[in-house]
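All of the numbers you see were taken from the coordinates with simple rules; none came from a lab. All figures in this text were calculated on a predicted structure; none of them were measured in a lab. Quick reminder, even Gly has a Cβ in these numbers, built from the backbone with ideal geometry, and neighbours come from all protein chains shown.
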Amino acid sequence: MRRILIGTIGLLLCGGISARSKTDPLVFVFVGVDHAQDVAILRPMIAPDIGVQLDSGPRELKPGTVLQCASSLREHDAIVETQIAKVTDLVLNCGDHKFVVKSLDFSPRGK
C-alpha cells in the first residue's frame, strides 16, 4: 500500500512538473520532518504536501524555508520482490539540497 501511495504521488508530481514550463523553477516550502517515515515534508505551491528523501546536502533546514528547485528524472530497472520494475527518481535540485521522490512501475513492458 505504501509503495502504491508513493508511486501515485510521484506520478502526480511528475505530471504536474511536465505540464509546467521547463525553464520555471519549482517552489517549495519546507514544513518539517516526519521521523517515523524518515522523510522531509515539502509543500509545493501547485499540489498538496509530499514526502521526499534527502539525496544530498545539509540535514538542517528551518521550517518555512522557501526552496526554488529544478527537476530532473532518473530511471533504471530493478527487481522488487521477484518482479521486474522500472524505478523512476524525480530529483529536486534546490541549490544546497537535493531531494528524491521514488516511484515504481510494475506494468508489463511492450516489445
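Suppose the chain between Asp49 and Lys86 were pulled fully straight at 0.36 nm per residue; how much longer would it get relative to their current alpha carbon spacing?
10.9 nm
What spacing in nm lies between the two simple spin-label points modelled at His35 and Val66, each 7 Å away from Cα in the Cβ direction?
If labels sit at His35 and Val66, their model points lie 3.0 nm apart.
Average the reciprocal distances over every distinct pair of alpha-carbons in region 54-95, invert the result, and give the Kirkwood radius in Å.
12.8
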